[in-house]
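*Asks:* One structure follows; several queries about it will come next.
Please treat every number below as a calculation from the coordinates, not as lab data. What you are looking at is a predicted structure, and each value in this text was computed from that prediction instead of being measured. Reconstructed Cβ throughout: ideal geometry from the backbone, glycine too, with neighbour counts over all protein chains shown.
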Amino acid sequence: MMHFLEKDQLSLIGLFVLVCTHILCGKKNWWHFFEAHGWVSFSAGASVAYVFVHVFPDISILQQQFTGIPSHHYNGRFFNQPLYLTALAGICLPYLIDTLELNYSEHNKRCHVQIHQGIFGLRKLLYTLYNMMLAYMIVNRHNEGLLSMKIIVIVLVMHFIVINANFKEIYNALLQRYIRWFAVLGLIFGGILGKTVTIPDFILAYLFSLIGGIITYTALKEELPKTSHRAPFHFLAGVVCFSLLILSVPYFGQVK
């Protein structure tokens, strides 16, 4: 009983930390600190490490539970991998939105207003829902060890630094005025839903896979050559540090 109380407290603290991250990302002084010290690239590396070392192996386990087919008996039928298809959708969805917005900006580069209101509205809606999903998952990750939950919160803090870097490059002042507050509302509503609504495990598995795909796209996108944040050694440091950290969890007896 005490163990669950500790996890409930940790999940609430985690949500508070994530809310503070969104708020601080809108502050110029904090943002200059993130950019000047390579934290965006380090955070991107940490996010990639978390996805490939933790999320994708978990997807593999959930996939086997749902299909009843061990991974070494994989028969090559793509549609027998629904969770991996969902993760792929998580990569494709933000890519599609980014591409649409880039095409619009290119066609209107001589105009003063380069923001497509429809795409901007869609981004706000999807970002709110995305934060709701993350908050719900945090509140309902009682099968995780305490150390694993702490690592998840840390990685999500870094993921939010990366994703807010993306929004800052595209929308600049609109991040501070609108986007971060929609993200905060999403975290609050998601936390409330996590405490009041029970979603079946198979739906949670799909949400988990979708989030994994989105994190993968966001982290890698920030390290493509066109970005202004690239710092390859910071990125590699994030990959190595968080790979070792996540892999060390079993040695502390905190695995689920």
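*Asks:* List the residues, sorted by chain then number, that are 5 or more residues from residue 145 or on another chain and whose placed amide H is less than 5 Å from its amide H.
*Replies:* 256
*Asks:* Once label points are set 7 Å from the Cα along Cα→Cβ at both residue 201 and residue 119, what is their separation, rounded to one decimal in nm?
*Replies:* 4.1
*Asks:* Within 10 Å of each residue's Cβ, count the other Cβ atoms and sort 181, 39 from fewest upward.
*Replies:* In order of increasing Cβ crowding within 10 Å: 181, 39.
*Asks:* Can you tell me the FRET efficiency between residue 96 and residue 27 if r is taken as the Cβ-Cβ distance and R0 is 30 Å, rounded to the nearest 0.05?
*Replies:* FRET efficiency, residue 96 to residue 27: 0.45.
*Asks:* Label residue 85 and residue 126 with points 7 Å out from Cα along Cα→Cβ: what is the distance between them in nm?
*Replies:* 2.0
*Asks:* Under a point spin-label approximation (7 Å from Cα along Cα-to-Cβ), what is the residue 188-residue 241 distance to one decimal in nm?
*Replies:* Once both label points are built, they end up 3.2 nm from each other.
*Asks:* Provide 100, 15, 204 in ascending order of the number of other Cβ atoms located within 10 Å of each residue's Cβ, fewest first.
*Replies:* 100, 204, 15
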